[in-house]
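Right, one structure below, let's go through it.
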Amino acid sequence: MSAGEGRPYAGSGVGCVLLEVLMSTPAPGYSGPPRPWPRLSVEELLAVKNTQPIHSLDDLAADTFESDEELEEFLAFTYAERHRDAA
């Protein structure tokens with residue numbers, strides 16, 4: 001097919017590409033992309049989530065592991081996973 005036959009044609013000469021754009025109609029009931037959330041300031045977001053400031057590192061402390069052994073197993077696993085593909 002050549003450039004003059006009613007279909008879009010890009011380029012000229014050897015190695016030219018014929019372009020065809022397919023269009024579709026939206027499904028019934030489709031109202032477009034979802035609307036973005038309203039933009040809130042950091043202060044407004046903190047108020048909505050009812051968050052409190054962190055006063056010390058003790059505020060972040062948590063008993064995640066039941067024993068030192070469990071912690072050591074986790075650290076060994078994490079180290080091994082991070083270095084697995086390095087070799």
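Rank these residues by their accessible area, most exposed first, probe 1.4 Å: LEU22, LEU46.
I get LEU22, LEU46, largest accessible area first.
Which trypsin sites (Lys or Arg not before Pro) in the range 29-87 pass both tests, a DSSP loop state and at most 10 other beta-carbon atoms within 10 Å?
ARG39, ARG84
Evaluate E = 1/(1 + (r/R0)^6) for ARG39 and LEU18, where r is the Cβ-Cβ distance and R0 equals 30 Å; express this FRET efficiency to the nearest 0.05.
The formula returns an efficiency of 0.10 here.
The values are calculated or read from the model by the stated rules, or taken from the named source; none is laboratory data. Please read all numbers here as calculations on a predicted model, not as lab measurements. Methodologically, a virtual Cβ is constructed for each residue, glycine included, from the backbone with ideal geometry; neighbour enumeration extends over all protein chains shown. Only protein heavy atoms, including side chains, enter the accessible area calculation; ligands, DNA and RNA are left aside. Shrake-Rupley method; radii C 1.70, N 1.55, O 1.52, S 1.80 Å.
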